[in-house]
Amino acid sequence: MGLRELAELGRRLVDEVERAVVGKREQLELVLLGMLADGHVLLEDVPGLAKTLTARSFAEASGLGFSRVQFTPDLLPADVTGSSIWNQRDGDFEFRSGPIFTNLLIADEINRAPPKTQAALLEAMQERQVTTDGVTRPLERPFLVLATQNPIEYEGTYPLPEAQLDRFLLRTGFGYPSGDAEWEMLARRIERRGDDLRLAQIIDRETLLEMQAAVELVHVEPSVGRYMVAIVAATRESTSLAVGASPRGSLALLKLSRCRAALAGRDFVTPDDVKAIAVPALAHRLLLKPELWVQRRSGEDVVLETLALVPTPPAEDVVAAT
């Protein structure tokens, strides 16, 4: 697959999902970037802002097999991964796979599950495999997790540890829609005379894998690559942070910036690509110093400050090198 075809399919896919999620094209494109980069996405916002709808719509429009797990305090690891049960007919234990054996897992309110259940996702998210009863079972590619969580309600929740947050390629929120977008949503609901909305399938599993492979055609000039490294290194030196971004953050910048360039139909990455995805790629990986919480500073603020401080490589050098 060429980059021109990838860009066209990506545009059509976001157009179709936007039929369900109105007025949030930038956020939908970020979710698609995560899928193209074969990474996991954390959707974090207050209730009612289409987080679950977004995940379900992408699953429907991309033709992927998907499962949805509602995380609750009593959810056990076996409820996610599956377990072995006694088969009386065969006189032996038989493994029954859990909802994690799919292409796209919608993990709803992931921070409501206890740490033991959250930990059951770690191996699957990083290694694309599940180990139960001493047997390792690979997950079919692509395996993507679109998780949601409510950032304002903490009663009965178990905040995700840094190790698991770092497994998410990017984090994004939706925010409230504009007045025009919200009325457009209501107008569409009136027109279709029902709550249900069926989306057309734009791609399938094999096509998504081809799109992921095509991203590898995007060139990264060394000066742009060093720019990514400099941004991540600057977070480690920030006086606002107890812990900066790890090399996994550098890889996230690389993957997402290449995907953004590919969706734009370009075969090379520009510094603007890096800047556009820096906040969703890095902010959730940063650990603020405790005293800065009272100042209402966030990881997003630190990333934006870092972008303002790190010199940007000249655009003409990037274009000339490609």
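The values are calculated or read from the model by the stated rules, or taken from the named source; none is laboratory data. Bear in mind that the values here come from a model prediction, so they are computed numbers and not experimental data. Cβ sites come from the backbone with ideal geometry, for glycine too, and all protein chains shown count toward neighbours. Calculation scope for accessible area: heavy atoms of the full protein, side chains included, ligands and nucleic acids excluded. Shrake-Rupley method; radii C 1.70, N 1.55, O 1.52, S 1.80 Å.
Taking the criterion of being closer than 24 Å to residue 121 by Cα and open to solvent by less than 10 Å² (accessible area, probe 1.4 Å), would at least one residue in the range 1-18 satisfy it?
No.
Quick check: anything in the range 156-167 among the hydrophobic types (A, V, I, L, M, F, W, C) and modelled with pLDDT of 90 or more? Checked against the condition, which is being among the hydrophobic types (A, V, I, L, M, F, W, C) and modelled with pLDDT of 90 or more, the range 156-167 yields no hits at all.
Annotation: of all residues in the range 293-304 being at pLDDT below 90 and open to solvent by 20 Å² or more (accessible area, probe 1.4 Å), the one that is farthest from residue 225 (Cα to Cα) is 294. Taking first residues from the range 158-183 that are closer than 24 Å to residue 36 by Cα and partners that are open to solvent by 60 Å² or more (accessible area, probe 1.4 Å) and at pLDDT 90 or above, the Cβ contacts under 7 Å between residues at least 6 apart in sequence or on separate chains come to 166/248; 169/255. If you go through the range 172-214 and keep only what is part of a helix (DSSP H, G or I) and in contact with a helix residue (DSSP H, G or I) (Cβ under 9 Å, 6 or more places away or on another chain), you end up with 205, 207, 208, 210, 211, 212, 214. Only residues that are open to solvent by less than 40 Å² (accessible area, probe 1.4 Å), of a type in the set (A, V, I, L, M), assigned to a helix (DSSP H, G or I) and under 18 Å from residue 285 (Cα atoms) were counted in the range 231-265, giving 7. Scanning the range 1-30 for residues that are touching a Ser or Thr at 6+ places or on another chain (Cβ under 6 Å) and not small (Gly, Ala, Ser) yields 17, 21, 27, 30. The number of residues in the range 104-125 being in contact with a Ser or Thr (Cβ under 6 Å, 6 or more places away or on another chain) and in a helix (DSSP H, G or I) comes to 3. Every listed requirement among (1) surrounded by 13 or more Cβ atoms within 10 Å (Cβ to Cβ); (2) at pLDDT below 85 is met by residue 134 save one, (1).
Residues that are without any contact (Cβ under 8 Å) to a residue 60 or more places away in the chain, under 18 Å from residue 55 (Cα atoms), small (Gly, Ala, Ser) and in contact with a Phe, Trp or Tyr (Cβ under 8 Å, 6 or more places away or on another chain) occur at least once in the range 103-120. If you go through the range 266-292 and pick out every residue that is open to solvent by less than 10 Å² (accessible area, probe 1.4 Å) and over 21 Å from residue 33 (Cα atoms), you end up with 0.
Taking the conditions exactly as written (touching a strand residue (DSSP E or B) at 6+ places or on another chain (Cβ under 6 Å), over 13 Å from residue 146 (Cα atoms) and of a type outside the set (Gly, Ala, Ser)), does residue 52 satisfy them or not? No, not satisfied. Just one of the listed residues (273, 317) is modelled with pLDDT under 85, assigned to a helix (DSSP H, G or I) and either of a type in the set (D, E, K, R) or more than 15 Å from residue 227 (Cβ to Cβ) (or both), and it is 317. Only a single criterion out of (1) over 30 Å from residue 9 (Cβ atoms); (2) in contact with a helix residue (DSSP H, G or I) (Cβ under 9 Å, 6 or more places away or on another chain) is not satisfied by residue 289, namely (2).
Between 93, 101, the distinction of being out of contact with any helix residue (DSSP H, G or I) (no Cβ under 6 Å at 6 or more places or on another chain) and in a strand (DSSP E or B) belongs to 93 only.
Which of the residues spanning the range 64-84 are part of a strand (DSSP E or B), on the phi < 0 side of the Ramachandran plot and either of a type in the set (Ser, Thr, Tyr) or open to solvent by less than 30 Å² (accessible area, probe 1.4 Å) (or both)? If the condition is that a residue be part of a strand (DSSP E or B), on the phi < 0 side of the Ramachandran plot and either of a type in the set (Ser, Thr, Tyr) or open to solvent by less than 30 Å² (accessible area, probe 1.4 Å) (or both), then 67, 69, 83, 84 are the ones that fit.
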